[in-house]
2 protein chains.
Amino acid sequence: MNTLTLKAPYLVFLGDANDLLMAKVAKGIAHWRPEKCVAQLRLPGAKADLGLPDFTIQQAVDAGAKTFVIGLAPIGGTLLTEWIGLLTQAMEAGLDIASGLHMRLCDIPELVAVAERTGQTLFDVRVPKGDMVCGTGLPRKGKRLLSVGTDCCVGKMFATLAIHKEMAQRGLNVSFRATGQTGILIEGNGVPIDAVVSDFIAGMVEVLAPENSNDHWDIIEGQGSLFHPAYAGVSLGLLHGAQADVLIVCHEAGREQMDSMEGYSVPDLARVIETNLSMGALTNPTISLGGIALNTMNLSETDALQEIARLEAQFGVPVVDPVRTGVSSIVDKLETL
Amino acid sequence: MNTLTLKAPYLVFLGDANDLLMAKVAKGIAHWRPEKCVAQLRLPGAKADLGLPDFTIQQAVDAGAKTFVIGLAPIGGTLLTEWIGLLTQAMEAGLDIASGLHMRLCDIPELVAVAERTGQTLFDVRVPKGDMVCGTGLPRKGKRLLSVGTDCCVGKMFATLAIHKEMAQRGLNVSFRATGQTGILIEGNGVPIDAVVSDFIAGMVEVLAPENSNDHWDIIEGQGSLFHPAYAGVSLGLLHGAQADVLIVCHEAGREQMDSMEGYSVPDLARVIETNLSMGALTNPTISLGGIALNTMNLSETDALQEIARLEAQFGVPVVDPVRTGVSSIVDKLETL
C-alpha cells in the first residue's frame, strides 16, 4: 500500500494517564491487537493499566519490540517536553516512534535529529504518506464494507474492527482499512483521510482499499456523517472512494443533539440510510444496507434489546450493538453475499 | 479575510502562448477585471494577445503595476526555468509574483532567495493561506449565492463572475468569493478549496464568506459536482460551508459523458437540483433554486433559445446562458429576495 506501516510488536506508552479514557489509543490497541503488544511503559503516578507487563525500554527491546507507540488520546493531547528524553532513549535502543497527537514528532527538531542519527522512523499518523492521487471511479474487484454514521463518535471504528475480527475468526479473507488516527495505530497502517487534501479524498480511499480477489473483503472504517455540517465532505469522498458493496449504518440510541454542533439534531436514521445508499450508488450501483450497529450504552439491557428488535422490524436487516450483542448476525449476512 | 490579497494593478505575463486557451488565466483577468490590468508582457513568438499594451517590466512599474501575474493555464502548466531571470528582474523592480501553476514559486530556491532579498511576495494561489478552521454550521447574516454543477468545467466560475458583475453594475452590495486558482487570480483573493485539508472544507468556506450585513450578497464560485466520483466531497463541504440562500445550477447542454471520467454519465438535471437543495438544507433550511446557467456553446442560436425555454417551463426559474443571453433575469429574481 501507498502508506507507511508501523513495525510490530509495540511498547505502548501510557504517560502518567489516570485512566484509560486518557489513554484511548492504548486501550484500542491492547483490545484489538493484543498480539502486537509486548508491554506497557508508564510514568510514575500513572493509574491507567492495560494489564500488560510493565517493561523498561531495554526490556521491551529484548522482548522483540520494534515501535514505541504513544497511546494517549489524540484530542487535545500534546507532546510533553519531559518525554523527549524518553523518546530519545527509545530510538537509541532501536525503536521507531509512533504518535497520533496533534503536535507532530517531525516538528520537534531534537527528535528529528535523533531519528537521523539512529536511523529510526518518526511515524506521525496524522500526516498522510505517499503520493496523493485523484479518484478514478473505475470499478474494481473484491468486496468492500464501509461504516457510515448519523454523527461523529457513534462507534463506526468499533463496529468495523468488530466485524473484521469476527470475519477473521471465521477464516474469511478480510482486511481492516483504517481511516483515522486511532484506527491507523491499531492496524499499523492506513490513510488519515481527514488530513488528506480535499481533492484527493476519494482517490486515497481507492488506494487504501484497492482491487482485490473476488472473495476478499475490505472492512473500511468510516468517518463523520453526510449530515455533519463540518465534516460531510470527508464522509462523501470516503463513500465514493470506497465503492462499498455493503454499508453498516452506525447510530447511538438516544442521542438527540449532534456531537459538539450547537443547533444540529441527530438526523433521522431512515433518512441517513436512504441518503447514503442513494449517494453511494454513484460509484457502486449495487450498494446495499448490510446492517445497523446501534450503540446502546445509555440504555438498560431490556430497552436495548427492544430497540434492536424494533429497528430490525423497521429496516429488515441485522441490527447489533457490537459491545452488547456482538456482530455475528451481520457477518452471517455478509457470508451470503 | 483570513487570506492573502494580491496587490493590484497587474502586469499580465503570457509567456510564449500561441492562443488565449493556453493563457486562460490571463484571458479571465483581462475580461473580468480590466481595471486591474496595466499591460501584458509577451515573450518573442507569442501569438496570444489580450489587447493590452505590451510593456517591459520597468514600463509597467512606472505605470503603477504592483504584481506580475503568470497568466498561463494551471492545468499541466509548468514554470519554465528560462522565466526565472524575468521573475527575478520583476521582483527587483518592485513587483510581487502570482501564479496558479502546479509547480510552486515557493519551491524554487532561486525565487525564494530573491523574494527574501527584495522583500517582495511570492503568491502561489494553490496554497491555502492563514489558519485552517473547522466548520461551525452556525447561522450567519447576509445573503449568499453558490453555483453548483452537473459536472466539472460547465461554467460555474463564469456564471458567478457574470452575476457578480451585473449586481455590481446595478449598485447592489455584492462580493465575489473565489474558490479556485483562476477565480482567485481574477479576484485577487479567495480560498483554493480543493487544496484545503478535507477536515476544513466547510470551515474555510465559512471564513471566505463570513457574516455580513442583511443586504449584502456573497456570490460564491462553486467547484465540482455532488455527482462527481472524484470531487463530490469538495462540492458537499462547499455547499454546507456556504449556507447558500440561493443555488444557481450550471450545466452544459448536450454533454453526456462526465469530463475525464470514463463510464460516468452526466447526471439528470432534475436530480442534481433536488439533491443539492436537499443536502444544502442541512445548514440553510431556506435554500432555494435561483436559476439555471446553461452553457449552450455547442448549440445553434435557435436550439439554444428553445432549450432555455424548455428548462424554464420545466423548473419555473430563470434559465440563462451567461455568454449568449446574459444573467439579468437571474439578477432580477435575486433583487426580489
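Since every read-out is calculated from the coordinates, none of them should be taken as a lab result. Since we're looking at a predicted model, the values are computed, not measured. Here the Cβ positions follow ideal geometry from the backbone for every residue, glycine too, while neighbour counts run over all protein chains shown.
If you take every DSSP beta bridge fully contained in the protein assembly as shown, what fraction is antiparallel? Give it as a percent rounded to 5. Roughly 5 percent of the DSSP beta bridges within the protein assembly as shown come out antiparallel. In a reduced charge model with +1 at each Lys and Arg Cβ and -1 at each Asp and Glu Cβ, the stretch B:143-335 shows a dipole moment near 260 debye about its Cα centre. Once you reduce the stretch B:285-312 and the stretch A:271-337 to the center of their Cα atoms, the two points are 42 Å from each other. Note on residue B:301 and residue A:300: the model spin-label points, each 7 Å out from Cα along the C-beta direction, lie 7.9 nm apart.
Counting only other chains, and only Cβ atoms inside 10 Å, what mean value do you get across the residues of A:201-208? Don't skip to the end; give the middle numbers.
Working: counts 8, 7, 3, 1, 1, 2, 0, 0.
Counting other chains' Cβ atoms within 10 Å and averaging over A:201-208 gives 3.
In percent, rounded to a whole number, the relative contact order of chain A is 16, using alpha-carbon pairs under 8 Å and six or more apart.
Take the Cα radius of gyration of the stretch B:223-337 and divide it by 2.2 N^0.38 Å, N being the number of residues; the result is 1.08. To the nearest ten degrees, helix B:156-169 and the longest principal axis of the Cα atoms of chain B are 90 degrees apart.
Once the Cβ-Cβ distance of residue B:213 and residue B:281 is raised to the sixth power relative to R0 = 25 Å, the FRET efficiency obtained is 0.55. Relative to the longest principal axis of the Cα atoms of chain B, the long axis of helix B:232-242 lies at roughly 80 degrees. From the alpha carbon centroid of the stretch A:106-159 to that of the stretch B:104-163 is 26 Å. Over 42 Å, how big is the tail of the calculated P(r) for the protein assembly as shown, in percent of all Cα pairs? When all Cα pairs of the protein assembly as shown are counted, 33 percent exceed 42 Å.
Where Rh is the Kirkwood radius over the Cα pairs of the stretch A:10-124, the temperature 20 °C and the viscosity 1.002 mPa s, what D in µm²/s does Stokes-Einstein return? Roughly 155 µm²/s, to the nearest whole number.
The orientation-averaged shadow of the Cα convex hull for chain B, equal to a quarter of the hull surface, comes to 17.2 nm². Residues of the stretch A:31-61 with an amide N closer than 11 Å to a point placed 7 Å from the Cα of residue A:89 along the Cα-to-Cβ direction: A:42-44, A:56-59.
Among A:114, B:196, B:69, which comes first, second and so on when ranked by fewest other beta-carbon atoms within 10 Å?
On the way: A:114 20, B:196 23, B:69 30.
Sorted ascending by nearby Cβ count, the order is A:114, B:196, B:69.
Note on the stretch A:143-335: the C-alpha convex hull projects to 10.3 nm² when averaged across all orientations. The long axis of helix A:301-315 is offset from the longest Cα principal axis of chain A by roughly 50 degrees. Annotation: the antiparallel percentage among DSSP beta bridges lying fully within chain B is about 5. Counting other Cβ atoms within 10 Å as a rough exposure proxy, the listed residues A:70, A:108, B:219 run A:108, A:70, B:219 from fewest neighbours to most.
Count the net charge of all other residues whose Cβ sits under 13 Å from the Cβ of residue B:92, scoring Lys and Arg as +1 and Asp and Glu as -1. Taking every Cβ under 13 Å from that of residue B:92, the sum is -2. Per-residue 3J(HN,Hα) values for the stretch A:103-115, derived from phi via the Karplus relation 6.51 cos²θ - 1.76 cosθ + 1.60 with θ = phi - 60°, read 6, 7, 4, 6, 9, 10, x, 4, 5, 4, 5, 5, 4 Hz in sequence order (x marks Gly and Pro).
Shielding by partners for peptide B:187-198, expressed as the average number of C-beta atoms from other protein chains within 10 Å of each residue's C-beta, is 4.
Modelled this way, with points 7 Å down the Cα-to-C-beta line, the labels at residue B:172 and residue A:47 are 6.1 nm from one another.
Count charges around residue B:317 for me, please; just the other residues with Cβ under 12 Å from its Cβ, Lys/Arg as +1, Asp/Glu as -1. Value of the local net charge: -1. With contributions of -39500 (n - 2.57) from each DSSP H run of at least four residues, the per-residue ellipticity at 222 nm computed over chain A stands at -9500 deg cm²/dmol.
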